[in-house]
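Below is one structure, written out as structure tokens; the observations come after it.
Each reported figure results from applying straightforward, stated rules to the coordinates on display, with no laboratory input. Quick caveat, the model's predicted, so the values are computed rather than measured. Positions of Cβ are backbone-derived with ideal geometry, glycine not excepted, and every protein chain shown enters the neighbour counts.
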Amino acid sequence: MLGKVSGKWTLGVLSETTRGPVRFGQLERSLDGISRRILTLTLRDLEENGLLTRTVYPTVPPRVEYTATERARELYAQLTTLTGWAARHQD
């Protein structure tokens, strides 16, 4: 599982989606430096691993929102604890 969430952009996507539903464009703007291709691949990977829910609304144009699952929220809480610990003990 750590291999699946250790990507460069994974924590950023999880951070944004744990706050509530977000659209692709919102994610793209909030993750400075990410390309559309990498964002798409990251979202697909997280969805395949049960960490994101993708909801498509039947509008024109179609509206798509991404939301972190309960599993993702739990994982994100643990990862932020771990990164906090690492920052405190980096010496």
Next item on the list: Please identify the pairs in which a residue from segment 18-43 that is of a type in the set (Phe, Trp, Tyr) has its Cβ atom under 7 Å from the Cβ atom of a residue that is surrounded by 12 or more Cβ atoms within 10 Å (Cβ to Cβ), counting only partners at least 6 apart or on another chain.
Entry: Phe24/Val64
Next item on the list: Look at Leu82 and say whether it is under 13 Å from Thr18 (Cα atoms) and either in contact with a Lys or Arg (Cβ under 8 Å, 6 or more places away or on another chain) or aliphatic (A, V, I, L, M) (or both).
Entry: no
Next item on the list: Kindly provide the set of residues from segment 48-80 that are touching a residue at least 12 places away in the same chain (Cβ under 8 Å), under 16 Å from Gly12 (Cβ atoms) and in a helix (DSSP H, G or I), ordered by number.
Entry: Ala72, Arg73, Leu75, Tyr76, Leu79
Check: Out of segment 1-29, which residues are closer than 16 Å to Val64 by Cβ and of a type in the set (Ser, Thr, Tyr)?
Finding: Thr17
Check: Just one of the numbered conditions (1) within 11 Å of the chain's Cα centre (by Cα); (2) outside any loop (DSSP other than H, G, I, E, B); (3) surrounded by fewer than 18 Cβ atoms within 10 Å (Cβ to Cβ) is not true of Arg19; which one?
Finding: (2)
Next item on the list: Using the structure shown, decide if Ala77 is hydrophobic (A, V, I, L, M, F, W, C) and surrounded by fewer than 16 Cβ atoms within 10 Å (Cβ to Cβ).
Entry: yes
Note to self: Quick check on my filter: what residues within segment 33-78 are more than 15 Å from Val22 (Cα to Cα) and of a type in the set (Val, Ile, Thr)?
What the structure shows: Ile34, Ile38, Thr59, Val60
Notebook entry, point to check: Counting only residues that are hydroxyl-bearing (Ser, Thr, Tyr) and loosely packed, with under 10 Cβ neighbours inside 10 Å, which one in segment 22-61 is nearest to Val5 (Cα to Cα)?
Noted result: Tyr57
Notebook entry, point to check: Can you tell me which residues in segment 29-40 are in a helix (DSSP H, G or I) and either more than 11 Å from the chain's Cα centre (by Cα) or of a type in the set (Val, Ile, Thr) (or both)?
Noted result: Arg29, Ser30, Arg36, Arg37, Ile38, Thr40
